[in-house]
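To start, the structure under review is shown below, and the notes come after it.
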Ligand SMILES: [Mn+2]
């Protein structure tokens, strides 16, 4: 049914940052006399379901696409691929995101706020702070959970002081206990059986960089090294299937150790290995490489761009 409400949403199959950001931003706008509604397209990540269930927060409305809406606001999304053609770009009137590599310019009617903080949730929390709008406990929990998740509990190098300040503000309302991050990370660490392949595909992203179509699976788990050691071959096979299905030139998985403050790369593709060795200064041993320290996908993409496009 057509509506004059503005849809607040994120990319298809969103993570916690997307769902939290969209939910809280709709609340903010509605408290400021806006007329918005949150709608989620696709299947939210496990960490979203975990936090909604754990705190008995109602699920946001699920919609197949944005066809019923004339106006759309995107939070934590700014590229066309992630929208999977379910939202016409000209309907988008506003974008809030935190990705260095984005396509905000392709949304010709949108005012875009792109700032390189750890989470889009931080940018939304700052709206409440700056405008002195009171935030609900539900939104505070969601935003704080998203900041903790995106910054790997403030250990990831994407973390900024703005994320820490926003988290401090949010926790005055959310009042999460000190061990909450462990619960959240444990909730996303069950990758037994077919859950591994499902997660790889659920959080898969691809980019056209230079002349190459590059696919990157990113898994965040407690016990990354153990997972890769025990199930590396399975990961390689799944990556190969995805590569064939999607017609990718390069493909790899970055496995982030939530407890280890490091990540492990996996790929069976020789060309990908050569490029990663050059760009990330790592050495592959078989199909596996371990960098020193921790790097996230949104930080790897600009490095690949530098190499493959020479920028
Ligand atoms: Mn995000």
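Please treat every number below as a calculation from the coordinates, not as lab data. What you see is a predicted model, and the numbers here were worked out from it, not measured in a lab. Backbone-built Cβ (ideal geometry, glycine too); neighbour counts: all protein chains shown.
Helical content of the chain, expressed as a calculated mean residue ellipticity at 222 nm, amounts to -13000 deg cm²/dmol (DSSP H runs of 4 or more residues, -39,500 (n - 2.57) each, divided by residue number, nearest 500). Here the chain is treated as a Stokes sphere of Kirkwood radius computed over C-alpha pairs; at 20 °C and 1.002 mPa s its diffusion coefficient rounds to 108 µm²/s. Normalised by residue number, the volume inside the convex hull of the Cα atoms of the range 183-252 is 88 Å³ per residue.
In bins 10 Å wide, starting from 0, what share of all Cα pairs of the range 195-309 does each bin hold, as a percent? Calculated over all Cα pairs of the range 195-309, the distribution is 14, 53, 31, 2 percent. Just to be sure I understand: of the beta bridges DSSP finds with both ends in the chain, what percent are antiparallel, rounded to 5? If we restrict to bridges inside the chain, about 35 percent are antiparallel. R0 = 35 Å: FRET efficiency of residue 198 with residue 90, Cβ-based, nearest 0.05? Computed FRET efficiency for residue 198 and residue 90 comes out at 0.55. The range 95-249 gives an Rg/Rh value of 1.02, both radii derived from C-alpha positions and Rh following Kirkwood. Subtracting the Cα-Cα distance of residue 61 and residue 3 from their residue separation scaled by 0.36 nm leaves 19.5 nm. Convex hull volume of the Cα atoms of the range 93-177, normalised per residue: 93 Å³. Between residue 237 and residue 136, what is the FRET efficiency for a Förster distance of 35 Å, r being their Cβ-Cβ separation, to the nearest 0.05? According to the calculation, E is roughly 0.20.
Placing R0 at 35 angstrom, the Cβ-Cβ distance between residue 106 and residue 225 gives a FRET efficiency of 0.35 after rounding to 0.05. Of the peptides 124-130, 110-116, 2-8, the order by per-residue mean of other Cβ atoms within 10 Å, starting with the highest, comes out as 124-130, 2-8, 110-116. Among 132, 307, 27, a tally of other beta-carbon atoms within 10 Å of each Cβ gives an order, fewest to most, of 132, 307, 27.
Converting the Cα gyration tensor eigenvalues of the range 34-146 into ellipsoid dimensions via √(5λ) gives semi-axes, longest first, of 22, 18, 14 Å. In the range 195-309, the DSSP beta bridges split such that about 65 percent are antiparallel, to the nearest 5. Footprinting exposure proxy ranking of 25, 11, 59, 169, fewest other C-beta atoms within 10 angstrom first, gives 59, 169, 11, 25. Calculate the length of the line joining the C-alpha centroid of the range 118-142 to that of the range 160-220, in whole Å. The distance from the Cα centre of the range 118-142 to that of the range 160-220 comes to 19 Å. Between residue 81 and residue 261, the distance separating the two model label sites (each 7 Å from Cα on the Cα→Cβ line) works out to 3.1 nm.
Relative intensity of the range 17-83 on a log10 scale, I(q)/I(0) at q = 0.12, 0.17, 0.28 Å⁻¹, equals -0.32, -0.66, -1.48, per a Debye sum over C-alpha point scatterers of equal strength in the absence of solvent.
Placing pseudo-labels 7 Å out from each Cα toward the beta carbon at residue 154 and residue 53 gives an inter-label distance of 2.9 nm. Modelled spin-label separation between residue 205 and residue 283, with each label point placed 7 Å from Cα along the Cα-to-Cβ direction: 3.0 nm. For a modelled paramagnetic label at residue 172, 7 Å from Cα along Cα-to-Cβ, the residues of the range 123-140 in reach, with backbone nitrogen under 15 Å, are 125-137, 140.
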